[in-house]
Amino acid sequence: MPYSELTDTELLQLIPAGDEPAMTEIYNRYWRKLFSLAYYHLQNQQDAEDVVQTVLTSIWLRKENLSIDCLENYLASAIKYSIYQFIAKRDKKEKAFSQLKLASGTELPQIDTSFLKQMIDHEVNKLPQRCRIIFMYSREYGFSNREIADKLNITQKAVEKQITKALHHLRTQMKHFFFFFF
């Protein structure tokens, strides 16, 4: 039977076994709806795509522990929560920059955020594999330290240590970049 003929419940039952075509079907079935909802609230195509990707990726990453009764309701709630998180994070960054601007009494230089993102990604990719995975779970996917520890069968202390190591590496490497701007 083709995956397109399966119900959401049947697809969700296939996901924990790592059935990628089932996840692809969920993606194809809901991506446009989720994107429309995200775009309506964010008014930015790239941001909307990022939020949708985060929500759908989180299903795959949590496939062993899925507990979803109604996929459509779950996705609607998850996308709304992710939009809220995204807006809160964006507002926090904007507030921090405006406070920095007020404190310095000068205009801050415009930084190409895509370039900055590339630099950060480059530095994250230099991290040891375990450290990089833990950092990505924490920062990219928003997993709590406890969720990461459970997923990787390690202690929360080990998770904290790896995140601290990653942040120290990023601060050390990125300080040279920011030196030129501030």
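The values are calculated or read from the model by the stated rules, or taken from the named source; none is laboratory data. Quick caveat: nothing in here was measured; it's all calculated off a predicted structure. For neighbour counting, all protein chains shown are included, and Cβ atoms are generated from backbone atoms with ideal geometry for every residue, glycine included.
What do you reckon, is Glu20 in contact with a helix residue (DSSP H, G or I) (Cβ under 9 Å, 6 or more places away or on another chain), free of Cβ contacts under 8 Å to residues at least 40 places away in the same chain, closer than 22 Å to Tyr137 by Cβ and surrounded by fewer than 14 Cβ atoms within 10 Å (Cβ to Cβ)?
Yes, satisfied.
With the structure loaded, tell me whether Asn73 is surrounded by fewer than 12 Cβ atoms within 10 Å (Cβ to Cβ), over 26 Å from His168 (Cα atoms), at pLDDT 85 or above and out of contact with any Cys (no Cβ under 7 Å at 6 or more places or on another chain) or whether it fails that test.
Yes.
Any residue in the stretch 87-104 that is surrounded by 15 or more Cβ atoms within 10 Å (Cβ to Cβ), modelled with pLDDT of 80 or more and either in contact with a strand residue (DSSP E or B) (Cβ under 7 Å, 6 or more places away or on another chain) or of a type in the set (A, V, I, L, M, F, W, C) (or both)?
no
Here is a check on your reading of the model: is Leu34 at pLDDT 90 or above and more than 30 Å from Ile87 (Cβ to Cβ)?
no
Can you name every residue in the stretch 65-99 that is in contact (Cβ under 8 Å) with a residue 60 or more places away in the chain and of a type in the set (D, E, K, R)?
Glu72
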